[in-house]
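S.K.: Here it is: the structure, laid out below.
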Amino acid sequence: MSVENSLEEKLSLSSIDLNDPKIIYIDDGPKAVAYFCKTSPLRVDKKVIDELKNIFHKIAPRNVRLCLHEGPEALFHDMIIFERKGNYYRPHRHGDKGETFQIIEGRMGVFSFDSVGKVVDACVLN
C-alpha cells in the first residue's frame, strides 16, 4: 500500500448509501422524501446524485431531499433538494435557522425580505 493510498483511507469522508439504515434514515413525507444522514463528514459524489435523480423521477410529483444535517431540529439546515419545476413557495421566515442555496442544475429565483415584507434582494441562481 502506498503512502498516498494510506493517507487517502485515513482522510476518507463517509460514503453515502441511501439503502443503509446505519447511515441514512428516511422521512417519507407527502411533499418530499427526505434522506437524513446519520454520519459526518459526508462525501456526496456523482453516484449519489445519480441515485437521487432516479428516485426523484420515480416518485413524481414529490421532491427528494438529501439532508446533510442531523435532523429537523438542527440549527442549520444543509440539504440537496431535487425540486419540481414550477413549484412556488410562499415567503417564509427562518428566525432561528440558517439557510443557503446552491444550484447544481437548473435555475431558481430567490427573494429576500425585510421584517415588514419589503423585498431587499432578488436574484436568479443557476
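S.K.: To make sure I understand the rule: partners must be lysines, Cα under 24 Å from the Cα of Lys118, and not fewer than 8 residues away in the same chain. Which ones qualify?
M.R.: Within the straight-line limit of under 24 Å, Lys118 reaches these lysines: Lys97.
S.K.: Next question, about the same structure. In straight Cα distance, which lysines are under 17 Å from Lys31, not counting same-chain residues fewer than 8 positions off?
M.R.: Once the sequence-local lysines are set aside, what remains near Lys31 is Lys53, Lys58, Lys85.
S.K.: Here is a further query. Give the label of the value calculated from the structure for volume of the Cα convex hull per residue in Å³, choosing from (1) 152; (2) 96; (3) 137.
M.R.: Label of the calculated value: (1).
S.K.: Continuing with this model, one more query. Could you name the lysines whose alpha carbon sits less than 16 Å from that of Lys38, not counting residues in the same chain fewer than 8 places away?
M.R.: Cross-link targets: Lys22.
S.K.: If you keep only loop residues by DSSP, which trypsin sites (Lys or Arg not before Pro) in the range 64-117 have at most 11 other Cβ atoms within 10 Å of their Cβ?
M.R.: Loop-located and lightly packed - Lys85, Arg93, Arg107.
S.K.: Rounded to whole Hz and in sequence order, give me ³J(HN,Hα) for the range 31-48 from the Karplus expression 6.51 cos²θ - 1.76 cosθ + 1.60, θ = phi - 60°, writing x for Gly and Pro.
M.R.: 3J(HN,Hα) across the range 31-48, in whole Hz: 9, 7, 9, 10, 9, 9, 8, 8, 10, 7, x, 10, 10, 9, 10, 4, 4, 5.
S.K.: Quote the FRET efficiency, to the nearest 0.05, computed for Lys53 versus Tyr88 with a Förster distance R0 of 25 Å and r equal to the Cβ-Cβ distance.
M.R.: Efficiency, from the Cβ-Cβ distance: 0.65.
S.K.: A further question on this structure: Which cross-chain or sequence-distant (5 or more) residues have an amide H under 5 Å from the amide H of Leu68, H modelled 1.01 Å from N in plane?
M.R.: Asp78, Met79, Ile80
S.K.: Multiply the residue separation of His77 and Ile103 by 0.36 nm, subtract the distance between their alpha-carbon atoms, and state the gained length in nm to one decimal.
M.R.: 7.8 nm
S.K.: Using each residue's phi in the range 57-62, evaluate 6.51 cos²θ - 1.76 cosθ + 1.60 at θ = phi - 60° and report the 3J(HN,Hα) Karplus result to the nearest Hz, with x for Gly and Pro.
M.R.: 5, 7, 9, 3, x, 7
S.K.: Let me ask another. Count neighbours as other Cβ atoms within 10 Å of each site's Cβ, and list the chymotrypsin sites (Phe, Trp or Tyr not before Pro) in the range 15-90 that are DSSP loop with at most 11 such neighbours.
M.R.: Tyr88, Tyr89
Each value in this text was obtained by applying a stated rule to the coordinates, not by laboratory testing. Because the structure is predicted, anything quoted here is derived from the model rather than measured. In this analysis, Cβ positions are derived from the backbone assuming ideal geometry, glycine residues included, and neighbour counts consider all displayed protein chains.
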